[in-house]
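Right, one structure below, let's go through it.
The values are calculated or read from the model by the stated rules, or taken from the named source; none is laboratory data. Predicted model only: the values in this text are computed from it and were never measured. Every residue, glycine among them, receives a Cβ derived from its backbone with ideal geometry; neighbour counts consider all protein chains shown. Surface accessibility is based on the protein's heavy atoms, side chains included, excluding ligands, DNA and RNA. Shrake-Rupley method; radii C 1.70, N 1.55, O 1.52, S 1.80 Å.
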Amino acid sequence: MRDGIVWQPDENVRRRAQLTRFLEQCGLDSFDELYRRSVEDVAWFTGQVLRYLDIRFDPPCREILNLSAGLPWPEWCAGGGLNIAEFCVDRHAKSAPDRDAVVWEGEEGAVRKLSYAELAEQVKRCAAGLRAHGIGRGDAVGIHLPMMPETVVALLALARIGAIAVPLFSGFGPSAIASRLQDVGARALIACDAFPRRGRPIVAKNTVDEALANCPGVAKVFVVRRMGAETPMQAGRDIPWDSLMAGGGSDATEPTSAEDPLMVVYTSGTTGRPKGILHTHCGLPVKIAQDMAFGTDVGPGDRVTWITDIGWIMGPWLIYGGTLLGATVVLYDGAPDWGPEGQAHDRLWAFCARQRVNILGLSPSLIRGLAPHGDHLPRRHDLSALRILASTGEAWNPDPWWWLFNNVGGGRIPIINYSGGTEISGGILMSHPLLPIKPCSFSAPCLGIAADVVDETGCSVRGKVGELVIRAPWIGIARGFWNDRERYLETYWSRWPDVWVHGDWARIEEDGHWYILGRSDDTLKIAGKRVGPAEVESILVAHPGVTEAAVVGVPDEVKGSAMIAFCVPVSPGRAGPGLARELQERVAAELGKPLRPERVCFVAALPRTRNAKVMRRVIRAAWLGDECGDVTALENPAAVEAIRDARQSAEA
């Protein structure tokens, strides 16, 4: 049972599912039939999605999909007029004006709400204010804010005036902010004075000011007073948010086309050089809403949250998907494992209970950090409103998956596993509410995604580990990298003709369930044997003395490559030579002696981004004493120095 089917939809789940309604609209009887049609005739499927979302074009589009420029460069909804902000805000303000659109809770305990009518009014005011300051169609504008109501307003207002949003991690340092704003040619930035993290203020405005010393093209900075902190305001450049919003709103919406730029989202590549991924009005929001509706089963009035940041794709995912579907977007701004004494490690569960969250999205790393503090913590809170748990960001290990399933979901609700990327506008693989679920697996590809697993020759394989690829375009596909067409083609389209190579190892079992096994560029090859890091890390974290682990390969004169494991112990007192040997032998027993880690190092934390992804690239570089590349997305830069110190100690 531990590796078999552990959840199946009952009649109540089937009846209420958005996916059931979509099947009825399409006149089909089963998920398998729908999936087959969705990849065989992606234009038909996309037309059905647009109909389900009630998205209409003015003027109408000439055709759903045009591939005249080749598979890497599809044109969607050609000739159609579309400004996505109208469908995220205006229509709900008319049909359900009193419904909660945004509910926000800050780390300090403050709560704010906006109805759809109030959200529409604020978006209109923000749009009018931006226009009054010379910001308009085609202008790039950075958003450097924590997850708060103004973040939602800003994102939708920029879409409304036809500007290009550039979300930035709220924890970015000056150089990371500057490089991205320079690359996209930003004309303005929306920032805040400060925001709380673990009870102390992070003075974001100081960071912004330092970054903008190298960005002369940024003419305006709109400053939200999140904490009321005293920060310098540069005359002529810096505008208080309240002043921006002080004028009257305007009903005018910029008449953009379906393929007009909507957003440039920067993500780090394996080389460390950030990639500016371009998305459009008819691309990213439609794919997001599709996945949110048919995977996480979000519909009008549902209360959905994701523990995220605006600089990670899941931030725009939450905002665009939630509002496009008429749901209630529930935001938490703060550390999810911080609070008053005795309440830190169940802060997330208390938040979900207070806000009556229906769909909770998080990362496996967050659960690995919370689980050791007690099975009883989620049970102290009324989580009866939860009906979907969702996760993304990295591969699961079995023990934390089971902890979430049993202790948070009570064994009664599904964990919707979700994997894709910024370039995808959401998911490649996803569990679905109408399909059975196995631990740590994905029940199927996302609808409309022609996913496959292939060997080194590009041939499909089953029951074996291979490269995850996509064989046909989808509406959310990246429209390339900002001003870097060739790098985009080299990154995703150069391995095999007309095949998108995503950079993940995956496996399809005979029963149709899929597994992600880590980044293919993280693969270890030890004594001629290949192994994905996630497989080794699962063995390490299954030990009761280890909470987290990461493994990397480093050069070795004998083996060619040797495996180094970095483990976070349950407590400092557990770390030591005895536990290290035990972990080495555990891996050797399960994977074979050639894959025994050469060394096990204990560290207080692993270098990770603010969206909880462990940066193996950075770990390897730090251990080898190399340059670590772009580390500005790291939440805990001190962890990098701890890796360097571990190497020095090993050599002493």
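A compact table of results
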| read-out | value |
| --- | --- |
| Burial order of peptide ranges 584-590, 306-312, 388-394 (average beta-carbon count within 10 Å, highest first) | 306-312, 388-394, 584-590 |
| Rg ratio (alpha-carbon, reference 2.2 N^0.38 Å) - segment 354-410 | 1.07 |
| Difference of contour (0.36 nm per residue) and Cα-Cα distance, ASP455 to ASP58 | 138.4 nm |
| 3J(HN,Hα) from dihedral phi, segment 465-475, Karplus parametrisation 6.51/-1.76/1.60, rounded to Hz, x for glycine, proline | 7, x, 6, 7, 9, 10, 9, 8, x, 9, 5 |
| GLU33-GLU86 pseudo-label distance in nm [points 7 Å out on the Cα-to-Cβ vector] | 3.5 |
| More than 22 Å apart - percent of Cα-Cα pairs taken over segment 386-505 | 41 |
| Label point distance in nm, GLN8-ARG237, each placed 7 Å from Cα along Cα→Cβ | 6.3 |
| Candidates per chymotrypsin sites (Phe, Trp or Tyr not before Pro) in segment 112-200, loop by DSSP, up to 11 other Cβ within 10 Å | none |
| Contact order normalised by residue count of the chain, Cα under 8 Å, 6+ apart, percent | 12 |
| Mean projected area in nm² (Cα convex hull; one quarter of hull surface) for segment 79-118 | 3.7 |
| Stretch gain in nm, segment GLU590-ARG471, where the contour uses 0.36 nm per residue and the Cα spacing is subtracted | 39.4 nm |
| For segment 244-253, Karplus couplings with θ = phi - 60° (6.51, -1.76, 1.60), whole Hz, Gly/Pro x | 4, 8, 6, x, x, x, 10, 7, 5, 10 |
| Sequence of HIS543, HIS345 from largest to smallest accessible area, 1.4 Å probe | HIS345, HIS543 |
| DSSP bridge pairs, the chain: antiparallel proportion in percent, nearest 5 | 60 |
| Surrounding net charge for ALA622, when Lys and Arg each add one and Asp and Glu each subtract one, Cβ distance under 9 Å | +1 |
| Calculated SAXS-style log₁₀ I(q)/I(0) at q = 0.18, 0.27, 0.32 Å⁻¹ - segment 533-577, Debye, Cα scatterers | -0.57, -0.92, -1.07 |
| Kirkwood Rh, angstrom, segment 329-466 [1 / mean 1/r, Cα pairs] | 16.4 |
| Cα-Cα pairs of segment 1-74 separated by more than 16 Å (percent) | 63 |
| Cα gyration tensor, segment 87-156 - rounded (a/c under 1.5), prolate or oblate | oblate |
| Summed side-chain charge close to GLY545 - residues other than GLY545 whose Cβ falls under 15 Å, Lys, Arg +1, Asp, Glu -1 | -1 |
| Cα radius of gyration and Dmax for segment 126-188 (Å) | 11.4, 31 |
| Overall form of segment 443-506 per C-alpha gyration tensor (a/c, 1.5; a/b vs b/c) | oblate |
| When the convex hull of its Cα atoms is projected in every direction, mean area for segment 200-260 (nm²) | 6.9 |
| HN-Hα J in Hz across segment 126-139 - Karplus 6.51, -1.76, 1.60, θ = phi - 60°, x for Gly and Pro | 5, 4, 5, x, 4, 4, 5, 9, x, 9, x, 4, x, 7 |
| Ratio Rg/Rh [Cα only; Rh per Kirkwood] for segment 21-133 | 1.10 |
| Bins of 10 Å, starting at 0 and running to the largest distance - Cα pair percent for segment 482-581 | 13, 30, 31, 18, 7, 1 |
| Calculated on alpha-carbon atoms, Rg and Dmax of segment 473-537 in Å | 15.0, 43 |
| Rg/Rh ratio calculated on Cα atoms of segment 306-389 (Kirkwood radius) | 0.96 |
| Value of D in µm² per second that Stokes-Einstein yields for segment 283-333, Kirkwood Rh from Cα pairs, at 4 °C (1.567 mPa s) | 123 |
| Space enclosed by the convex hull of the alpha-carbon atoms of segment 234-332, per residue, Å³ | 186 |
| For segment 164-231, fraction of C-alpha pairs farther apart than 15 Å, in % | 48 |
| Mean accessible surface per residue for the chain, computed with a 1.4 Å probe while every protein chain stays in place, in Å² | 36 |
| Debye-sum result for the chain in log10 I(q)/I(0), which assumes one identical scatterer on each alpha carbon, at q = 0.06 Å⁻¹ | -0.31 |
| LEU145 long-range amide H proximity, modeled H, under 5 Å | LEU168 |
| Ratio of the Cα radius of gyration of segment 172-295 to 2.2 N^0.38 Å, where N counts its residues | 1.25 |
| Segments 143-149, 196-202, 510-516 sorted - mean Cβ within 10 Å per residue, highest first | 143-149, 510-516, 196-202 |
| Relative contact order, percent, segment 3-80 [alpha-carbon distance under 8 Å, six or more residues apart] | 18 |
